[in-house]
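Below you'll find the structure, written out as structure tokens, and then a few comments.
Please treat every number below as a calculation from the coordinates, not as lab data. Quantities reported herein were computed from a predicted structural model and do not represent experimental measurements. FYI the Cβ positions are ideal-geometry reconstructions off the backbone, even for glycines, and counts take in every protein chain you see.
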Amino acid sequence: MSLTNLLATPAISLAIVLIIMPYIRKIAIKTNLVDKPDQRKKHSGQVPLTGGLAIYFAMMATLLVTSPSWEGLSEIRILLIAAGILLITGWIDDKTELRASVKFTIQIMLAYYAFLNGIRIESFFGILGIHQIPVILQYAITLVVITGVVNAFNLMDGIDGLAAGLALVSFALFGWLAFLTGQTMLLFLFLALAGGLAGFMRFNFSRDKKVFMGDAGSLFIGFIMVASAIMLLQSAQGTANVKLVLSVIVGILALPVLDSLRVYRRRAKEGFSPLRADRTHFHHLVLHLGIQSQHAALFTISVSILMIGLGVAIGTLTSITLMILSIFTAFIIISSLLSLNNKVTTWKELVNEMEHKQNVAKSPALQNNS
């Protein structure tokens, strides 16, 4: 593992995105691969959905240049193949709006493909006193976790910089874990993704050259995130690093997973489909604090980092079960406070609207009297 290659990997990936993005952005506009504002999407103008394409291309091109060997690339071929399929799936969805059942079926099939190739959850690592689990449960849990996390991360792509920022933090920490566990190719993969994500954020925050990640990006990044997390756990199993690796992974995945479960539960309770789109996710609640979208993204990422720190502190010093309970409690407290603020803000807006209507209704009468 060359230090030069390690340093060059994120730099090359960053440079590739910065170079190719203006070109594929123009192609996206000409082919109508754009996101249009509507009642749920509050951005202005038509924004090209080219972020995922650029990040994937930069990742693949960089790995071909900097990876130690072709044999090394074969170690992560499952991730690269599945990511490519989800990239295409997301691109088609960005273009034509695929049915949710089609996307879900593809995700299940890829999760099964990963399981057959050895990427599976084999242990609970002492959570609730459970360690090794039967193969049939390994199969069921692996499929649920992979598809669940992919969709949970996809739902976090709601405001500028949020999904990319969360992924950047995740892959930076995953790179550290890959170094500790001796997973060289995963380390190169994470560095390549980090560079591509940094380049994408340059355009995602731009006013006149803005691009979105699109489902093409969020789906494949979410898959790499959860599948590589399982691989890291497998490599750490039976070593002194296992509690640290598990704590970091749980902390990283906590916010998107818990928020998606909260939203699904609320929708079902109100009689709607859990897959019904709305603006009640964690980052939407943060926006009701009255702050700009970039600040809301930074706030949400900070909460995720807080959960990671809480997980590492408690998970490495006490038990994994207590760590999970602590993260869950922290999420409930923060999301409840944000929900309360949202209700108060909505109530104030309703009162102001009623007062405005009353003033408008009174004004003609006042004019007639005068």
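Seen through its C-alpha gyration tensor, with square-root eigenvalues sorted a ≥ b ≥ c, segment 181-245 comes out prolate because a/c lies at 1.5 or above while a/b is bigger than b/c. When you filter the chymotrypsin sites (Phe, Trp or Tyr not before Pro) in segment 269-370 for DSSP loop state and at most 14 other Cβ atoms inside 10 Å of their Cβ, you are left with Phe272. In terms of distances greater than 21 angstrom between alpha carbons, the cross-link table entries Lys26/Lys103; Lys95/Lys210; Lys36/Lys343; Lys103/Lys209 yield Lys26/Lys103; Lys36/Lys343; Lys103/Lys209.
Which of the helices in the chain, when you take each full DSSP H run, stretch at least 27 Å along the axis at their Cα atoms and have an average Kyte-Doolittle score of 0.0 or higher? Working shown, then result.
Numbers: long enough: 3-30 (42 Å, 1.48); 77-96 (28 Å, 1.14); 135-155 (30 Å, 1.84); 162-181 (28 Å, 2.06); 184-204 (30 Å, 1.59); 214-236 (33 Å, 1.53); 242-269 (38 Å, 0.94); 293-317 (36 Å, 1.60); 320-369 (73 Å, 0.29).
Qualifying helices: 3-30, 77-96, 135-155, 162-181, 184-204, 214-236, 242-269, 293-317, 320-369.
The mean sequence separation of alpha-carbon pairs under 8 Å and at least six residues apart, normalised by the residue count of the chain, gives a relative contact order of 21 percent. Using a Gaussian network model of the chain in which every pair of alpha carbons under 10 angstrom is joined by a spring, one finds that among Thr31, Thr280, Thr62 the greatest mean-square fluctuation is at Thr31.
In plain terms, the chain is cut at each of the GluC sites (Glu not before Pro) found in a DSSP loop with at most 12 other Cβ atoms within 10 Å, and the longest leftover piece is 98-269.
Is the C-alpha gyration tensor of segment 263-338 telling us rounded, prolate or oblate? Criteria: a/c under 1.5 is rounded; beyond that, a/b larger than b/c is prolate, otherwise oblate.
oblate
Most tightly packed first, judged by the mean number of other beta-carbon atoms within 10 Å of their residues, the peptides 253-262, 132-141 read 253-262, 132-141.
Among Lys209, Lys348, the order by Cβ neighbours within 10 angstrom, fewest to most, reads Lys348, Lys209. Close amide H contacts of Thr50 (hydrogens built in the peptide plane, cut-off under 5 Å, sequence separation of 5 or more or a different chain): Phe212.
Counting other Cβ atoms within 10 Å of each Cβ, which trypsin sites (Lys or Arg not before Pro) in segment 82-168 have at most 14 and sit in a DSSP loop? Walk me through the numbers before you get to the answer.
On the way: sites: Lys95, Arg99, Lys103, Arg120; in loops: Arg99, Arg120.
Here the sparse-neighbourhood loop sites are Arg99.
Of the residues Arg265, Arg77, Arg207, which exhibits the maximal mean-square fluctuation in a Gaussian network model of the chain defined by a 10 Å Cα contact cut-off? Maximum among the listed residues: Arg207. Across the options Leu87, Ala192, Ile224, the greatest Cα extent toward the positive end of the charge dipole of the chain (unit charges at beta carbon of Lys, Arg, Asp, Glu) belongs to Leu87. Counting pairs of alpha carbon atoms under 8 Å apart in space and at least six apart in sequence, what relative contact order in percent does segment 79-149 give? Relative contact order for segment 79-149 comes out at 27 percent.
Only lysines eight or more places from Lys357 in sequence, or on another chain, were considered; those with a Cα closer than 17 Å are Lys348.
Among Ile314, Ile230, Ile12, the residue with the largest mean-square fluctuation in a Gaussian network model of the chain, with springs joining Cα atoms closer than 10 Å, is Ile314.
Toward the positive end of the charge dipole of the chain, with +1 on the Cβ of Lys and Arg and -1 on the Cβ of Asp and Glu, the farthest Cα among Ile127, Val149, Leu49 is that of Leu49. Shape annotation for segment 133-202: C-alpha extents along the principal axes are 45, 33, 13 Å, from largest to smallest. Is the C-alpha gyration tensor of segment 239-370 telling us rounded, prolate or oblate? Criteria: a/c under 1.5 is rounded; beyond that, a/b larger than b/c is prolate, otherwise oblate. Prolate shape, in that a/c is at least 1.5 and a/b is the bigger ratio. Hydrodynamic estimate: the Kirkwood radius of the chain over Cα pairs, inserted into Stokes-Einstein at 20 °C and 1.002 mPa s, corresponds to D of 98 µm²/s.
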